[in-house]
Amino acid sequence: MSKSTAIVSKTTNYIETLFNNNLPIHLVYHSLEHTQNVAKGVDKLCEHIPLTKEEKLIVRLAAWFHDSGHIIVYKGHEAVSQAIAYKFLRDLDVKIDVIQQVIDCIEATKMPQKPQNLLQQIVCDADLYHLSFADYDDYEYLLRVEWELILNKTYTDEEWRNLNIQFLTNHEYFTPYAQKVWRKRKDLNLKILREQRGKKVRQT
């Protein structure tokens, strides 16, 4: 096993344990499954974008750590995620330059996303990988529940649908692969949402 593979493996185990033991139960969207999906999205993009071993390490670590701060705080969780990543990776003697780039990738996932380089674009695209899922409506439902439980934000069915339509309409993937492949299914999800206007959706 290479050093990079070992670091990712230790990080994966650490985050999975951290979430399983500490994630508040009302985080039904920002769950371990979401982080696993982001990690899968990064891996998929790494298959289609030429990167060095170190660059692959950076984006994979950023994917696993990007929402770890949710175990402590909801708003502003990115700063906590960065602190968790820094401590864990320093303890593994990961190079400071690599850690800084991981931290920068986490920072780029703040909404609205503003990636400054390819690695940050990869992590940002992977963070919204689920927009291209066939079961996207399941994820939007979980986010609706989460916002109601944590932020006390409630929406009518039409308000929530319109919010999602607006988000999908304004969203663009950054990497060429996501623009070409993931966008097709995302656009289909948008089409389905538009066709559902005026129809009742499941209740929270």
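The values are calculated or read from the model by the stated rules, or taken from the named source; none is laboratory data. This is a predicted model, so every value here is computed, not measured. Cβ atoms come from the backbone with ideal geometry, glycine included; neighbour counts cover every protein chain shown. Calculation scope for accessible area: heavy atoms of the full protein, side chains included, ligands and nucleic acids excluded. Shrake-Rupley method; radii C 1.70, N 1.55, O 1.52, S 1.80 Å.
Considering only 38, 61, 171, the residue lying farthest towards the positive end of the dipole of the chain is 171, judged by Cα position with unit charges set on Cβ.
Residue 53 sits among other residues whose Cβ lies under 12 Å from its own Cβ, and their net charge, with Lys and Arg +1 and Asp and Glu -1, is +1. The calculated FRET efficiency for the pair residue 156 and residue 192, based on their C-beta separation and a Förster distance of 25 Å, comes to about 0.85.
Using a probe of 1.4 Å on the protein chains alone, the accessible area found for residue 40 is around 120 Å². Legend: Rg and Dmax of the stretch 86-156, from Cα coordinates, 16.1, 50 Å. Taken about its Cα centre, the stretch 35-99 carries a charge dipole of about 100 debye when Lys and Arg each add +1 at the Cβ and Asp and Glu each add -1 at the Cβ. Largest GNM mean-square fluctuation among 166, 179, 82, using the chain with Cα springs under 10 Å: 166. Taking 37 °C and 0.692 mPa s as conditions, the stretch 47-110 diffuses translationally at an estimated 277 µm²/s according to Stokes-Einstein applied to its Kirkwood radius (Cα pairs). Between residue 3 and residue 47, the contour length at 0.36 nm per residue exceeds the Cα-Cα span by 13.9 nm.
The calculated P(r) of the stretch 1-89, using every Cα pair and 5 Å bins from 0, goes 3, 14, 25, 26, 17, 10, 4, 1 in percent. Expressed as a whole percent, the accessible area of the stretch 69-116 that falls on carbon and sulfur atoms is 55 (1.4 Å probe). For the chain, modelled as a GNM whose springs connect Cα atoms under 10 angstrom apart, the maximal fluctuation among 116, 36, 101 occurs at 116. Result for the chain in a Gaussian network model with C-alpha springs under 10 Å: among 60, 144, 194, the largest mean-square fluctuation is at 194. Efficiency by 1/(1 + (r/R0)^6): what FRET value for residue 93 and residue 116, r their Cβ-Cβ distance, R0 = 30 Å, to the nearest 0.05? The calculated FRET efficiency here is 0.65.
Accessible surface for residue 74 stands near 40 Å², nearest 10, in the context of the full protein assembly shown (1.4 Å probe).
Remark: the chain carries a charge dipole of roughly 360 debye about the Cα centre, counting +1 on each Lys and Arg Cβ and -1 on each Asp and Glu Cβ. The residues of the chain present an accessible area of 52 Å² per residue when probed at 1.4 Å with all protein chains retained. Within the chain, the proportion of Cα pairs with more than 32 Å between them is 17 percent.
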